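This report refers to the structure that appears directly beneath it.
The values are calculated or read from the model by the stated rules, or taken from the named source; none is laboratory data. No experiment lies behind these values; they were computed from the predicted model shown. Glycine also receives a Cβ, built like all others from the backbone with ideal geometry; neighbour counts cover every protein chain displayed.
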Amino acid sequence: MFGSEKPTSGRWRTPPFDPRFPNQNQTRNCYQNFLDYHRCFKKMNLRGKSTQPCEYYFRVFHSLCPMSWVQRWTEQIRDETFAGKI
């Protein structure tokens, strides 16, 4: 299972600006960072390396995404029904 339940160390008021998502609506930014975190976590685990570099994505999606979305996506990953490619 992926580490979505891992507690964050420190909190951001807002994540840093990402030029890929310049608009006010940050829904795509939320989703992309969720995907990036899980891809990073999976890849680092497969290589037997520390998942510390993935912490950035974790903090960003936790700052941007409603927790109900994160919980639903995490359940879908666990149930293997998630639509995104991880």
Taking region 45-69 and keeping residues surrounded by 17 or more Cβ atoms within 10 Å (Cβ to Cβ) and not small (Gly, Ala, Ser) leaves THR51, CYS54, GLU55, TYR57, PHE58, ARG59, VAL60, PHE61, HIS62, LEU64, CYS65
Filtering region 48-86 down to residues that are among the hydroxyl-bearing types (Ser, Thr, Tyr) and within 26 Å of THR14 (Cβ to Cβ) yields THR51, TYR56, TYR57, SER63, SER68, THR74
Restricted to region 1-60, and to residues that are aromatic (Phe, Trp, Tyr) and modelled with pLDDT of 90 or more, which residue is nearest to the chain's Cα centre (by Cα)? PHE34
In this structure, does PHE61 turn out to be assigned to a loop (DSSP other than H, G, I, E, B) and among the aromatic types (Phe, Trp, Tyr)? no
Starting from region 32-58, keep only residues that are farther than 22 Å from ALA83 by Cβ, then list their pairs with residues that are among the aromatic types (Phe, Trp, Tyr) and at pLDDT 95 or above whose Cβ atoms are within a distance under 7 Å, requiring at least 6 positions of separation or different chains. THR51/PHE41
Could you check region 45-57 and list, in sequence order, the residues that are touching a helix residue (DSSP H, G or I) at 6+ places or on another chain (Cβ under 6 Å) and more than 15 Å from ASP18 (Cα to Cα)? THR51, CYS54
